[in-house]
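What follows is a single structure, written as structure tokens, with notes after it.
The values are calculated or read from the model by the stated rules, or taken from the named source; none is laboratory data. Please read all numbers here as calculations on a predicted model, not as lab measurements. Cβ sites come from the backbone with ideal geometry, for glycine too, and all protein chains shown count toward neighbours. Just the protein is used for accessible areas: all its heavy atoms, side chains included, with ligands, DNA and RNA removed. Shrake-Rupley method; radii C 1.70, N 1.55, O 1.52, S 1.80 Å.
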Amino acid sequence: MPNLKFVNAEESVDFEGHVDLKEMGDFITFGCRSGKCGICAVRVVSGGDNLSPRTPNEERLFELLEMDDPAVRLACQSRAHGDAVLFEIN
Ligand code: FES
């Protein structure tokens with residue numbers, strides 16, 4: 001069963017199939033939930049290949065913020081389909 005590990009919260013969650021990271025409000029802080037505020041930014045410590053590709057909303061916000069680190073994702077825009085370890089940035 002795939003597992004998401006939240007480094008800051010020292011917690012992990014098992015899931016089946018896939019899961020929207022925006023459902024992980026117990027472990028990640030969210031604001032707009034629409035890819036506009038950046039509050040939900042996480043660094044993908046491992047398992048980046050198990051996340052959905054960046055959305056246009058993510059590309060636009062990271063360009064505005066001049067952040068080009070491919071390991072940084074917006075949790076509200078990401079879906080996991082396998083193991084991943086996430087570190088909340090904000
Ligand atoms: S909650 Fe605002 S960008 Fe994700």
Any residue in region 36-50 that is under 15 Å from Cys76 (Cα atoms) and touching a residue at least 12 places away in the same chain (Cβ under 8 Å) sitting within a Cβ distance under 6 Å of a residue that is assigned to a strand (DSSP E or B) and more than 7 Å from the ligand (Cβ to nearest atom)? List the pairs, counting only those 6 or more apart or interchain. Ala41/Val72; Val42/Arg73; Val42/Leu86; Val42/Glu88; Arg43/Val72; Arg43/Phe87; Val44/Arg73
Tell me, please, whether a residue that is β-branched (Val, Ile, Thr) and touching a strand residue (DSSP E or B) at 6+ places or on another chain (Cβ under 7 Å) can be found in region 51-68. no
Answer yes or no: is there a residue in region 81-88 that is more than 14 Å from the ligand (Cβ to nearest atom) and in contact with a Leu (Cβ under 7 Å, 6 or more places away or on another chain). yes
Counting just the residues of region 32-53 that are open to solvent by 60 Å² or more (accessible area, probe 1.4 Å) and touching a Phe, Trp or Tyr at 6+ places or on another chain (Cβ under 8 Å), which one comes out farthest from Leu4 (Cα to Cα)? Ile39
Scanning region 57-76 residue by residue, those under 12 Å from the mean Cα position of the chain (by Cα) and surrounded by 13 or more Cβ atoms within 10 Å (Cβ to Cβ) turn out to be Glu58, Val72, Arg73, Leu74, Ala75, Cys76
